[in-house]
Amino acid sequence: MTVAAPFKQPTPPAPAAPATSGADASSAYTPGGISSFQRVGFSILVLYLFLIYSRIFDVKFAFLHIPGISYRVIFAMVILSQAFVRALKTDVGKAIAGFTFWFVACIPFSMWKGGSTDLLITVWLPNFVVFLATGGLIANYAQCRKAVVTVAIGFLVLTAIAILLGSTESTGRLYLPNGKYANPNEMGQALLLGLSLWLFLLLDSKSGAFKAFGASVILVMLFTISKTGSRGCLIGLGVLLLAVFLRSSASGRLQLMLGGGLLITVIVATMPTRLLNRYRTLTEDQDQMDETEESAYSSANARKDLLRRSIKYTIQHPLFGVGPGMFPVAEDADERSEGRRHGRWQGTHNSYTQVSCELGVPGLILYGTAIFLSLRKTERIYKQTRGDPRLTDIANLALGLNYALIVYAVTVLFDYIAYTSMLPVFAGLVTALGHTVEAEIAQRTAPPAPVAAPPPTAAPPARGFRAVYAGRY
């Protein structure tokens, strides 16, 4: 007789993996998964962010046009993956989109429509696309962190390029002879933004060796920033240190005062006299200045006059302004009407009044709103995550971005760079952190799933008299 098959006990379901903490453990979680377009787009985006902040192709191999090619691929991936939808759903995204809309709306009222249209196509729209990519192609917290670290590394490479290939000819101020950072003020601002991100890396590091390396990077960046002779960056650094001081513990504040005092002493002692005299114009009277200081003082007076004119044009054209990029044109026309041969053909040296006089008060409100919402978002994430050891790296990342935005909000008071990539990229990083962090926090703080008890072992089935006693007799 055929013997029945032996009883097979059912396999219990595998227990759910417990929630883990730390950046590495969090990384894979992506609500809804990552599409192929998004994955490719993010990889190219990381490369692009490194290139635009390291400025490698400003000094070597510019003929390869790698940043331009990367941008076109990113633009295609933003459309194909519909990443722009995610970016535009956020409060920051709506502010940036509103600013873009108003930028376009002001062109018909511009003093030179062709020049404003060219500024839109060649400058602002590409930077708007970069915001959409940064805010939309980043799909999870691990990718957001990777993008921020990439930007920080890009600024480190920029620091090395400035030290090795920068020039101090004619003015004594450090700048790059070619490319975006031929303006010392703008290069100083970029390095100060990078310093803010390296503060995040320093706080987040658990390795003593990397902490020493990060501290060295910050020191080198500080010395390099001081060589640019940017008085706006000096004020920005002061505000950054104040923000760090206010968020520090009592012992941390003492260390900051002692270390900061020693560092300032070393920087001042090693700074060339020409630059030191430039910084002194912030506090000295004109009759106490030498020739170098007189030049800096005259520059400051010229900037004040440009600032007054930008406020004047804001009052005269409060709705649509004089047109995107048209402040130099309006200033030139103003000078000619007063009997001079021509104007200075310089910008406003203040990004807020640059926007207000060129795009009107609505443009200024939208620009300021984007900055404010980005600052508020990072502040809220920092307050939500600080103090929880499972979320320390998230708190540090939010804090680093917050410091960078503080630097941006202060330093743009002294330069006209409202339409550059700085705000779109950092607002995009804040947007990405905002839409990925909640799922990350939920995953890390979720209690471990209970392990199901195995089912009781069932008795074997009866197999019949002959099967049981077969072989016994």
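Coordinate-derived values only; no laboratory data. Here the structure is a predicted model, which means the values were calculated and not measured. Using ideal geometry, Cβ is built from the backbone for each residue, glycine included, and neighbour counts are taken over all protein chains shown.
Brief remarks follow.
- Phi angles of the range 371-379 translate, via the Karplus equation with coefficients 6.51, -1.76, 1.60 and θ = phi - 60°, into HN-Hα couplings of 5, 5, 5, 5, 4, 5, 4, 5, 5 Hz per residue; Gly and Pro are given as x.
- Part-to-part distance (alpha-carbon centres) for the range 161-224 and the range 34-88, which is given in Å: 24 Å
- The calculated FRET efficiency for the pair Arg344 and Ala62, based on their C-beta separation and a Förster distance of 30 Å, comes to about 0.50.
- For the range 23-444, the share of alpha carbon pairs falling in successive 20 Å distance bins from zero is 25, 58, 16, 0 percent.
- By the count of neighbouring beta-carbon atoms within 10 Å, fewest first, Glu335, Glu358, Glu186 end up ordered Glu335, Glu186, Glu358.
- Fully extended contour minus Cα-Cα distance, from Ile235 to Ser205, at 0.36 nm per residue: 8.0 nm
- Evaluated over the range 213-258, the Cα radius of gyration and Dmax, each in Å: 12.0, 33
- Ranking of Val239, Val78, Val130 by count of other Cβ atoms within 10 Å, fewest first: Val239, Val130, Val78
- Cross-link reach is defined here as a Cα-Cα straight distance under 24 Å, omitting same-chain residues fewer than 8 places apart; for Lys312 the lysines meeting it are Lys113, Lys304.
- Cα gyration tensor category, rounded, prolate or oblate, for the range 112-168 with a/c compared to 1.5: oblate
- Other residues within the sphere of radius under 14 Å centred on the Cβ of Ile315, judged by their own Cβ, net out at +1 (K and R +1, D and E -1).
- With a Förster radius of 30 Å applied to the C-beta separation of Ala300 and Val123, the computed FRET efficiency comes to 0.65.
- Length available on full extension from Leu164 to Ala333: 0.36 nm per residue minus the Cα-Cα distance, which gives 56.7 nm.
- For Arg386 and Lys113, a Förster radius of 51 Å and the Cβ-Cβ distance give a FRET efficiency of 0.55, rounded to the nearest 0.05.
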